[in-house]
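J.: Have a look at this one before I ask anything.
Each reported figure results from applying straightforward, stated rules to the coordinates on display, with no laboratory input. Quantities reported herein were computed from a predicted structural model and do not represent experimental measurements. Positions of Cβ are generated from backbone atoms using ideal geometry, with glycine treated the same way; all protein chains shown enter the neighbour counts.
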């Protein structure tokens with residue numbers, strides 16, 4: 001039921017990306033399109049990957065990920081950008097199955113780190129991740145430059 | 001003085017990676033080797049990139065980065081893994097010049113986000129980044145699975 005995504009899954013994947021954004025109170029921030037996802041996930045040298053939960057041919061969950069890198073370890077790792085399972089399919093272990101599949105890929109390839117961000121108010125997710133050994137990197141904060149500040153810095 | 005790294009820079013780059021780890025109180029965590037860096041940064045399809053500060057043929061600063069991805073925006077961005085300038089070469093704008101070069105690449109390629117992590121106690125860095133428009137993503141925390149917990153999850 002967990003398998004790598006196919007091109008034909010993209011409309012359903014985009015809908016799940018939007019559903020997750022609604023949950024994260026940021027629906028208006030989803031600007032991705034099926035065409036853009038296709039170029040990125042299924043182009044010549046993809047740098048972004050997706051696994052899906054397939055229930056009777058319907059995509060009900062997604063994990064979208066890419067490779068990060070640790071200069072200290074000198075190794076790639078997996079960064080999980082989005083993990084989402086449709087509400088009506090929760091409680092059946094699909095989220096965990098997606099996590100396990102990505103952890104399996106890490107172990108198989110010798111990637112020492114598997115990581116992702118969590119919204120601080122998302123207690124159910126934090127409890128779920130902690131119960132499987134995830135550690136919150138509390139000492140670090142992500143900084144981001146976008147928009148006009150990015151243009152100014154890059155000019 | 002800011003240029004993409006060359007294979008011959010790798011011994012100096014590794015030393016700077018170690019110097020940064022000492023500053024971050026994690027020297028023992030640096031397991032990378034020149035050989036591993038060469039495979040990763042100069043392999044057939046590199047997924048990690050480096051820019052250096054070259055002062056009279058000596059590498060005195062580094063920016064090591066890779067591509068991340070936003071599912072919401074449907075776009076890649078730059079994730080800055082390491083930024084470091086040797087203490088005796090600080091105050092001359094080299095750190096800013098490295099940031100500006102990566103911001104320039106973002107703008108040129110249409111990457112809407114440029115981001116990195118900062119240790120919460122590193123006030124000088126935080127002030128420096130803020131002064132150039134970086135925003136701390138305080139609502140998010142990175143979670144990480146490594147070691148035995150990763151093996152267990154992936155088995």
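J.: Using a ≥ b ≥ c from the Cα gyration tensor of the protein assembly as shown (square roots of the eigenvalues), is it rounded, prolate or oblate, where a/c under 1.5 gives rounded and otherwise the larger of a/b and b/c decides, a/b for prolate? Can you show the working numbers first?
T.: Numbers: a/c = 1.74, a/b = 1.57, b/c = 1.11.
Prolate, because a/c is 1.5 or more and a/b exceeds b/c.
J.: Follow-up. Compute and list, largest first, the equivalent-ellipsoid semi-axes of the stretch A:2-153 from the alpha carbon gyration tensor, each √(5λ) rounded to a whole angstrom.
T.: Details: eigenvalues 102, 88, 68 Å².
Whole-Å semi-axes of the equivalent ellipsoid: 23, 21, 18.
J.: Still on this structure, please answer the following. Please average, across the residues of B:60-73, the number of beta carbons from any other chain that are within 10 Å of each residue's own beta carbon, and give a whole number. Write out the running numbers ahead of the final one.
T.: Working: counts 0, 0, 1, 0, 2, 1, 7, 5, 7, 12, 7, 18, 14, 6.
Averaged over the peptide's residues, the number is 6.
J.: Within 10 Å of each Cβ of A:130-141, how many other protein chain Cβ atoms are there on average?
T.: Average per residue, whole number: 6.
J.: Can you give the calculated 222 nm mean residue ellipticity of chain B, where each DSSP H run of n ≥ 4 adds -39,500 (n - 2.57) and the sum is split over every residue, rounded to the nearest 500 deg cm²/dmol?
T.: Numbers: 5 runs with 55 residues, N = 155.
Result for chain B: -10500 deg cm²/dmol, rounded to the nearest 500.
J.: Rounded, prolate or oblate: pick one for the stretch A:74-135, where a ≥ b ≥ c are the square roots of the eigenvalues of its C-alpha gyration tensor, a/c under 1.5 means rounded, and failing that, prolate if a/b is larger than b/c, else oblate. Provide the component values of the computation, followed by the final result.
T.: Working: a/c = 2.19, a/b = 1.53, b/c = 1.43.
Verdict is prolate for the stretch A:74-135.
J.: While we're on this one: Test of understanding: extend the Cα→C-beta vector of residue A:109 to 7 Å, then name every residue of the stretch B:116-146 with backbone N under 20 Å from that spot.
T.: Taking a point 7 Å out along Cα→Cβ of residue A:109, the residues of the stretch B:116-146 whose backbone N falls under 20 Å are B:143-146.
J.: Each label point is 7 Å from the Cα along the Cα-to-Cβ direction; what then is the distance between the points at residue B:152 and residue B:2, in nm?
T.: About 4.5 nm separates the two model spin labels.
J.: Sort the following peptides by mean Cβ neighbour count (other Cβ atoms within 10 Å, averaged over residues), highest first: A:86-93, B:110-117. Mind dumping the intermediate values first?
T.: On the way: A:86-93: 12.5, B:110-117: 19.0.
Highest mean packing first, the order is B:110-117, A:86-93.
J.: Sticking with this structure for a sec: Note the full-extension length gain between residue B:138 and residue B:121 as 0.36 nm times their separation in residues minus their Cα-Cα distance, in nm to one decimal.
T.: Going from the current span to full extension adds 4.7 nm.
J.: Given the options A:53, A:118, A:142, state which has the largest fluctuation in a GNM of chain A using a 10 Å cut-off (strictly under) for Cα springs.
T.: A:142
J.: Which of rounded, prolate, oblate describes the stretch A:1-45, given a ≥ b ≥ c as roots of the alpha-carbon gyration tensor eigenvalues and a/c under 1.5 marking rounded, otherwise prolate only if a/b is larger than b/c? Spell out each step's value before the answer.
T.: Details: a/c = 2.70, a/b = 1.52, b/c = 1.78.
Since a/c reaches 1.5 but b/c is at least a/b, the shape of the stretch A:1-45 is classed as oblate.
J.: Of the candidates B:121, B:140, B:65, which one comes out as most mobile in a Gaussian network treatment of chain B with C-alpha springs shorter than 10 Å?
T.: B:140
J.: Here's another thing I want to ask about it. Along Cα→Cβ at 7 Å, what distances in nm separate the residue B:91 label point from those on the other copies, shortest first?
T.: Reported distances to equivalent positions: 6.4 nm.
J.: Which whole number gives the average count of other chain Cβ atoms within 10 Å of the Cβ atoms across peptide B:75-82? Each step should come with its number before you reach the end.
T.: On the way: counts 4, 4, 4, 2, 5, 2, 5, 4.
Per residue, the average neighbour count from other chains is 4.
J.: Let me ask another. Along Cα-to-Cβ, 7 Å out, sits the label point; list in nm, shortest first, how far the one on residue A:57 is from those in the other copies.
T.: 6.9
J.: Also, I was wondering about something else. If you draw the axis that swings chain B onto chain A, which residue of B has its Cβ closest to it, and how far is that in whole Å?
T.: That would be B:45, 3, residue then distance in Å.
J.: Here is a further query. What are the distances, in nm and sorted shortest first, from the label point of residue B:18 to the label points of the same position in each other copy, with each label point placed 7 Å from Cα along the Cα-to-Cβ direction?
T.: 5.3
J.: For residue B:23 paired with residue B:35, estimate the spin-label separation in nm (one decimal), with each label point 7 Å from Cα along the Cα-to-Cβ line.
T.: 3.0 nm
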